[in-house]
Structure formats: structure tokens, C-alpha cells
1. Given H placed 1.01 Å from N in the peptide plane, which residues other than close sequence neighbours of residue 273 have an amide H under 5 Å from its amide H?
2. Measure nothing fancy, just the Cα-based angle from helix 201-224's long axis to the longest principal axis of the chain, in degrees from 0 to 90, nearest 10.
3. Would you pull out the residues with amide H under 5 Å of residue 155's amide H, same chain only if 5 or more places away, H placed 1.01 Å from N?
4. Could you work out [θ]222 nm for the chain from helices alone, using -39500 (n - 2.57) per DSSP H run of at least four and dividing by all its residues? Round to the nearest 500 deg cm²/dmol.
5. Which ³J(HN,Hα) values in Hz, rounded to whole numbers, follow from the phi angles of segment 306-320 under the Karplus curve 6.51 cos²θ - 1.76 cosθ + 1.60, where θ = phi - 60° and Gly and Pro get x?
6. Roughly speaking, to the nearest percent, how much of the chain's 1.4 Å accessible area is carbon and sulfur?
7. Which number comes out as Rg/Rh for segment 256-346 once both Rg and the Kirkwood Rh are worked out on C-alpha atoms?
8. Calculate, in nm to one decimal, what residue 50 and residue 370 gain on full extension: separation in residues at 0.36 nm each, minus their alpha carbon distance.
Amino acid sequence: MERTKKDGVPLRELNPFLSQRVAELPILQALSILDEGGNSVASSEAALSKNINFRDQEYFLYHKNKDDRDPHIGPAIHSKTTGELILTVSRRLNNSKNNFAGIVVATLRLDYFQYFYAELDIGRSGVIFLANDEGTLLVRHPFVESVLGSSIAKSRIFDAYRMKGPIATVMVPSMIDQKVRLYSYRQLEKYPLLIAVGIGKEEIFAPWREKTFRLVVICGLLLMLLSLFGAYLIRQINKRQTSESKLQHAKLELESLNSELEKLASEDGLTGLFNRRKFDTTLKQEYIRAIRNRTSLALIMIDVDKFKQFNDIYGHPAGDDCLTRIGNALKNLPSRSSDLVARYGGEEMVILLPETDIDGAERIAERARVLIESWAIPHSGNRPGVVTISAGVAAHRPTLGDPNPIALVKAADEALYSAKARGRNCISH
């Protein structure tokens, strides 16, 4: 997309495609492409952004003044089109002379994070926050708009992050409300983000303090009654073990919350398959392993034929059910734990097969095609009259001189387009 047109088609023709992507992901508020002057040339909300210029926005100025192609996650701001609070994830675009040509930006609904975090039980004084590596506060639950965008780089939890590394549990006071909490934090692998969950110290120790107070009263009586002195000692030991057990339980709950958040970050919410982020990470790992072991790595890229027409004819709920059913079927096709099935985007899915050549990958792809066609799910917009898939298959034995897996993805994608060109409902390599 770093050109004025793609294959001769104006960028504004991408508006329906961008709108479809936003409709598929509830977290998205908008997807837009801006030119070097901050004008919208393609957007999922084209009607709203038509006469609005974005050159004064933080994310636009960041990319304009910094020749950095990495994604940039900006602080919470109010959308220029709808007024709602959003986060921005953007990337710089260059022209053929490697000069600034604009940006592509995805805006995320801040209320989506609030609804999600509100479902987690973190107690009355617990908090969940998301910050970037520079210490800028992006999201906080409970919601306090006035602190969004403020810096917590000098807070005790960021001191612990710099000293202890990307994952740790610490008991520190909050920089915002000064309450002491037991925090468990983790740095996300692919993005420069830190997520932390904190449970109030008072809530952890409240039951223990209440019982300790009762023990003081009991101890006074026991001192008066020497005959019960032994029972007092036993009670103290039991109470101490109870408090330690509760602290351990609180730590386990925090670790469980971290595991759940990590799972949500790598799983597609509709199909239950791994998501694009997990696929990209695993592809790099398996590509390096294939270089080291001198083995073949295969990739199957699958697309549901005429899926847009299926949604138009039968409705999006039926489309979601169809994708979920296909995802479950693909998940059960590979038999090895090292194989990975993921939703690549929209109706596209991928199967990554380590230590597999082109013949083995084609057999699995054909099994998937035959199985899905045999279901005979009605699809009047598709030539066979039922739901079918097309698949592109590629395999590569990478070497040290070829450390980038993008060629494998490109080969599978080209094979998929070849299968579509042949009339769909077939396998190509």
C-alpha cells in the first residue's frame, strides 16, 4: 500500500475492505490510510473523515518527524470523527524515494478494554493497567480519564520492571493513588507494552488482621491461664500458616490472570484458533529451527470461496458459524503437537507444518478440501452450490543465507491466488 494506487485501483476503493475488517473485530474503531499532508485517502469511516485533516495528531507527527518503520502505539486521545476515547496503532509509509508518504493507522476503542477488564475480579481496590515501554499510561481500570497519557516511568513498579525483567510480582505503592498493592506484570513479546494486575494489600491482609486482633485477646486470656498456654502456641502457628497460604493463593490467582491474558492475546475470539500474532511468532521460531535442523517447513494458506457472498446471502451469524466449523475441522487435521493452525485474517486460515515437504502438505490440504465440500453446506453464491475452500501450498528448506520466512508466506499466498484463478475448490502449489 506504499503507492498512490494498488494495481491501478485508487486507494479509496479499499474503503469497503477496511470497513469489513473493522466490523469483524469489535476492538477496532477505525482503519485509515493518511497521505503526507494528513488527509484521509482510504478509511473504514470515509464519510466521517472526508473533510477532516489529521496532521496535528500525535501519531502523525511522530512518524513524520521520525524515520522509523516500527509500529507506534500512541496515548489515549479523543477521536476526531466520533469524539470517543481511542488508542492508536500506526506505521509510517514511504514513497519510492524512501521519503515520508503518509501513515496507516488503526484506532482501538478504549471502552472495549474497560468492558473486558470489568469482567475480571480484582477486588474493590484492585487495578489493571496497560503502559508502553516509556512509561506512558495507556489504559487503566478502574477508569480515570485524567491520568490517561500521564507518565508512570518513575513509579516503583517501573523500577521493578527495569531491575527484575519482563515478568515479576512485587508489592509496591501506586504512583497514582498511593495505595499499596501486590502487582504481577508482564511485558508483551511483540509489542513495547507492559500489562500489570494489582490486588490491594489491605484486601489481602484484612482477614488476617481481623483474626490477629482476636488472637491478641485470646493471648491475654491464655497468659492468665497458664494451663492453656500450649493451645495458644498451636493457634499462633495455625494462623501464621493460614496467612501464608492466603498470600500464596493470591499469588497463584495473579499468575492465573496473567496466563488468561496471555491466552487471549494469542487466540482468535471467533474460531478458537491461534491468531495472526501467534502465527507470526511461531513461524519465525519454526523457520529458525528448520535452518538449524536442515529440514523442510511447509505452509498451507486456505480461503473460503465466495465468503463475502455467503455473508450477503445468509447473514453474518451464519458466516461466523461457518468459519467456526471450518476452524474446528482444520484444528483436528494435523496430528502433531508442533503443527499450528491459525486464523490469518477474515476468512483466511493457515496451517504451519514443520518437517513436512510439499507432498505431505498437499495431502493435508486435499483432505481439508474434500472434508469441507462433503459437508454440503448450502451456498447459492458459489458455483458448486455448497461451501468450498481453495488452498495454496508451499514448502521450503531454508538456509543460513535466507533467514526471512516472508518468502514462504508469499509463495503460499501466490499459490492460493493460482487456485482461485483455476476456478476455486482446488489445491495449488
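1. For residue 273, the qualifying residues are 268.
2. Helix 201-224 sits roughly 20 degrees off the main axis of the chain.
3. Hits under the 5 Å cutoff: none.
4. Details: 12 runs with 178 residues, N = 429.
Dividing the helical sum by the residues of the chain leaves -13500 deg cm²/dmol.
5. Couplings: 6, 6, 4, 5, 4, 4, 5, 7, 9, x, 5, x, 5, x, 4 Hz.
6. Whole-percent figure for carbon plus sulfur exposure: 54.
7. Reported Rg/Rh (Cα atoms, Kirkwood Rh): 1.03.
8. Values: separation 320, 0.36 × 320 = 115.20 nm, distance 4.61 nm.
This chain segment gains 110.6 nm when fully extended.
The values are calculated or read from the model by the stated rules, or taken from the named source; none is laboratory data. Source: prediction; values computed, not measured. Note: accessible area is taken over every heavy atom of the protein model, side chains too, but ligands, DNA and RNA are not part of it. Shrake-Rupley method; radii C 1.70, N 1.55, O 1.52, S 1.80 Å.
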